[in-house]
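Here the structure is laid out as structure tokens; the discussion comes afterwards.
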Amino acid sequence: MGKDEKNEKKEKNENNKCCLKEDLEYIALKNNVLKMAENLTFTAELDGIQDMRKIGFPISQYGVYVKSKIPFRTFKIPVDAGFSCPNKDGTLDDKGCIYCPKMGRPISVEYCNRKYSLKEQIEFQLNEHGRKGINKFYVYFYPATNTYDEPENLKELWDFALSYENVIGLSIGTRPDCLEPEKLDILETYVKQGYDIWIDLGVQTLHDKTLTLLNRKHDAIDTLNAIKNCKERGIKVCGHIILGLPGETRKEMLQTAELLSLIKIDALKIYPLVVIYNTKLEEMYWNAEYKSLDKIQYISLVTDFLEHISPQILIQRVSKDKVPKEIKISPEWDLGRLKILNEISNNLKTRKTVQGSKFNI
Ligand code: SF4
């Protein structure tokens, strides 16, 4: 055997050992999640929602679920209550996640803005959408980490948002390590009063090596515990997932899909990774350390992901709203979420599969 052949064999053996180690770690995590989820139930299952696949929907769309559950037109009002983030204010780090822009997350809704008080933000949007015949609302605390404050301050904000007659619930965007029991206890009291309470949780991936690379400053177990702790109190969880993260393989993304199904997460928003100016990811992009997925790759990956998750998980989104071109570097393709949703549905049709076709636990 020549030197090159020997080196190749050695390298192959090392790769196999590494895969074996990662596979064993994954199996251990999966067994742990199965135990954690023993007493948990999906929201859709609890609400007796029939399998949407049987009524002709290849994807369990959240919108269809809401219409079947709430006999009113509903809308989520995004508000900016001025929260910071422990990963940006120096508590955990001051750099933030590698894709998070220094100037904060862009949002295209005029009235979701700190230049207006919370009261103004809510009332303007209630009136605007009320005129269009929408009569039930969720208040969506959107930018940054919206549970990053003392419980009593959070309670004051949440009480205020729920004091409007037509507000039937809250959606609260946050990180897995900012959901301490005292805060969840307060949210549980609203659930007991009949409000629909959702946590919009930044999950991104359930692989620690990627979470480290992203500079998230929490690990997969933090995320799984956060989901479990919410669900045990009747608080629903919508996880935000990013496909196309640096260094992640298709197999790893599908492992995240499997774990989220096992922990019975209620809903998902799936996004492509977007390179925005003024981020660490921008540097990686210009140094050719990161390349965005093209549109065909993204559609194919989301299709795979959907095939591998439980049909009981409600899908809220499969892409982003358009990111303004003044701040977006990559990908070049149009992110418009309805267009992408159609393309993914067509892809499932072509493959003759539906959400959950390959989920077999
Ligand atoms: S947790 Fe969210 S707000 Fe905080 S740095 Fe990461 S992306 Fe930005």
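Against the compact-protein benchmark of 2.2 N^0.38 Å, the Cα-based radius of gyration of the stretch 179-314 scales to 1.14. Along the axis of the charge dipole computed for the chain (Cβ charges of +1 for Lys and Arg, -1 for Asp and Glu, origin at the Cα centre), the listed residues Pro181, Phe160, Gln312 are led at the positive end by Gln312. What the Cβ-Cβ distance of Asp94 and Lys352 gives, at R0 = 51 Å and to the nearest 0.05, is a FRET efficiency of 0.55. Loop-located GluC sites (Glu not before Pro) in the stretch 64-147 (DSSP state not H, G, I, E or B) with no more than 15 neighbouring Cβ atoms inside 10 Å: Glu110.
Take every pair of alpha-carbon atoms less than 8 Å apart whose residues are at least six positions apart; their mean separation over the length of the stretch 122-269 yields a relative contact order of 20 percent. Given their separation in residues at 0.36 nm each and the Cα-Cα distance between them, Ser117 and Asn360 gain 82.6 nm when the chain is fully extended. Which FRET efficiency, nearest 0.05, do Ile221 and Glu283 yield, Cβ-Cβ r, R0 30 Å? Given R0 = 30 Å and the Cβ-Cβ separation, E is 0.55. Here the chain carries DSSP beta bridges of which approximately 5% are antiparallel, counting only pairs with both residues inside. Packing, taken as the mean count of other beta carbons within 10 Å per residue, orders the peptides 173-185, 260-272, 24-36 from highest to lowest as 260-272, 173-185, 24-36.
Each label point was placed 7 Å from the Cα along the Cα-to-Cβ direction; for Lys325 and Asp159 their separation is 4.9 nm. For the chain, the carbon plus sulfur part of the accessible surface works out to 50%, probe radius 1.4 Å.
Working from Cα pairs under 8 Å separated by at least six residues, relative contact order for the chain is 19 percent.
Taken over the chain, the alpha-carbon convex hull comes to 161 cubic angstrom per residue. When the charge dipole of the stretch 28-351 is built from unit charges on Cβ atoms (+1 for Lys and Arg, -1 for Asp and Glu) and taken about the Cα centre, the candidate among Ile221, Pro58, Ile327 whose Cα reaches farthest toward its positive end is Pro58.
Peptide packing: for 221-233, 87-99, the average count of neighbouring Cβ atoms within 10 Å per residue gives the ranking 221-233, 87-99, highest mean first. Where in the stretch 250-308 are there GluC sites (Glu not before Pro) that are in a DSSP coil and have at most 13 other Cβ atoms within 10 angstrom of their Cβ? In loop regions of the stretch 250-308 (DSSP not H, G, I, E or B), the sparsely surrounded GluC sites (Glu not before Pro) are Glu289.
Once the C-beta distance of Asn32 and Lys209 is scaled by a Förster radius of 22 Å, the resulting FRET efficiency is 0.80 to the nearest 0.05.
The values are calculated or read from the model by the stated rules, or taken from the named source; none is laboratory data. Everything quoted here is computed from the prediction, not taken from an experiment. As a convention, Cβ positions derive from the backbone with ideal geometry for all residues, glycine included, and neighbour counts pool all protein chains shown. The accessibility values were calculated without ligands, DNA or RNA, using every heavy atom of the protein model including side chains. Shrake-Rupley method; radii C 1.70, N 1.55, O 1.52, S 1.80 Å.
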